[in-house]
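One structure below.
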Amino acid sequence: MHQFTNLKRRPGIDAVWSSPKVKEYRIWLKHWVEDYEKKTSKPLPVIEGTHTKTSGGFKFFTDLTVFAAGLMSFEEYKKITERRAEKGRLWQTRKEGEPIIPTDYSSFPPEFPIDAWEHIKGLQKV
């Protein structure tokens, strides 16, 4: 299976946001995942072969940055974001033991973008 990585995006994201703000977002994201799992009593999925549960949330951040920079069309951004949310919906509603069908897109719970957007807006404040 093809695996996407944020490593190639990181230099550009750091250049746009600054390394400290990216780090701040990642720390916030880690706490968001922990809080979400406590609140719902459902673990979020991990990337196959890892313990990473924050990939979809970080992809949301990087996709939004790429879109805002004019390097991704709105149609593509919308399609990718909707796929990530739909995969998150499917994860939320799947029953224990149901098979997991891998896709190329990391997911996030459908309510994640609202919380992430509020945090991202705060990153701009100096």
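Nothing in this text is a laboratory measurement; each read-out follows from the coordinates by a stated rule. Please read all numbers here as calculations on a predicted model, not as lab measurements. Neighbour counts run over all protein chains shown; Cβ positions are idealised from the backbone, glycine included.
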Inset, instruction - Please identify, among 60, 108, 74, the residue showing maximal mean-square fluctuation in a Gaussian network model of the chain using a 10 angstrom Cα cutoff. - result: 74
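Using a Förster distance of 22 Å, how high is the FRET efficiency between residue 96 and residue 51, based on the Cβ-Cβ distance and rounded to 0.05?
Details: r = 20 Å, r/R0 = 0.91.
After rounding to 0.05, the efficiency reads 0.65.
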Inset, instruction - May I ask you to evaluate 6.51 cos²θ - 1.76 cosθ + 1.60, the Karplus curve with θ = phi - 60°, for each residue of the range 49-54 and list the ³J(HN,Hα) values in order in whole Hz, giving x for glycine and proline? - result: x, 9, 10, 6, 10, 9
Inset, instruction - Enter the per residue convex hull volume of the chain, computed from alpha-carbon coordinates, in Å³ rounded to the nearest integer. - result: 117 Å³
Inset, instruction - Run down the aspartates and glutamates and flag those whose C-alpha is under 17 Å from the C-alpha of residue 95, throwing out any fewer than 8 positions away in its chain. - result: 37, 86
Inset, instruction - Work out which trypsin sites (Lys or Arg not before Pro) in the chain are exposed loop sites (DSSP not H, G, I, E or B, at most 14 other Cβ within 10 Å) and give the longest gap free of them. - result: 9-93
Legend entry - Pairs of lysines in the range 8-53 (C-alpha under 27 Å apart; 8 or more residues apart or interchain): 19
